[in-house]
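Quick notes on the structure that follows.
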Amino acid sequence: MAAKTEAFYATGRRKTAIARVWLTPGSGSMNINKRDIDNYFGRATSKMVVRQPLEATETLGRYDIHANVCGGGLAGQAEAIRHGITRALMKLSPAFRPVLKKAGYVTRDPRKKERKKYGQRGARARFQFSKR
């Protein structure tokens, strides 16, 4: 196990959002882009998503979380932070991995927006067909 003053770093990703997460022993404060979690995320669901790995491992309130996140929307950013926290917790203690894996937080969600193709209106939608 690592020393108490050591910070654990991990990167989390979701769609086009990338989160850099630092986990340090502390009182449980969460800062995202130098702002408190309550000021950064307006929705309660986004705050809940960020806290999920800490609740699963029963470490809520033991570690301070500092995250820099960019890209994507707020929902994607919340899931990217969750992925980063999960990876940092696994670095902290490999014993957390089975709990986090069972909850589905370890696997990176690979889904992204499909690109628009030429000769079509969108990624899959075609232009309207008319015989005449």
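Throughout, read-outs are computed from the coordinates displayed, never taken from laboratory work. All of these numbers come straight from a predicted model, not from anything done at the bench. Cβ atoms come from the backbone with ideal geometry, glycine included; neighbour counts cover every protein chain shown.
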Mind checking the full-extension length gain between Lys113 and Thr24? Use 0.36 nm per residue of separation minus the Cα-Cα distance, one decimal, nm.
-> 28.6 nm
Of Phe96, Tyr63, Asn39, whose Cα points farthest to the positive end of the dipole of the stretch 8-103 (charges on the beta-carbon: +1 Lys, Arg; -1 Asp, Glu; origin at the Cα centre)?
-> Phe96
Rank Arg111, Arg13, Arg35 by mean-square fluctuation in a GNM of the chain with C-alpha springs under 10 angstrom and give only the top-ranked residue.
-> Arg111
Where N is the number of residues in the stretch 8-103, Cα Rg divided by 2.2 N^0.38 Å = 0.96
For Thr11, Thr107, Thr57, ascending order of other Cβ atoms within 10 Å (fewest first) is Thr107, Thr11, Thr57
For Ser27, Ser130, Ser46, Ser93, order by how many other beta-carbon atoms lie within 10 Å, fewest first = Ser130, Ser27, Ser93, Ser46
Mean Cα-pair separation over length for the stretch 1-73, i.e. relative contact order, pairs under 8 Å, 6 or more apart, % | 42 percent
With θ set to phi - 60° and the Karplus curve 6.51 cos²θ - 1.76 cosθ + 1.60, what are the ³J(HN,Hα) couplings of the stretch 37-43 in order, to the nearest whole Hz, using x for Gly and Pro?
-> 4, 5, 7, 7, 9, x, 7
Please tell me the relative contact order of the stretch 45-124 in percent, rounded to the nearest whole number, where contacts are Cα pairs under 8 Å and at least six residues apart.
-> 28 percent
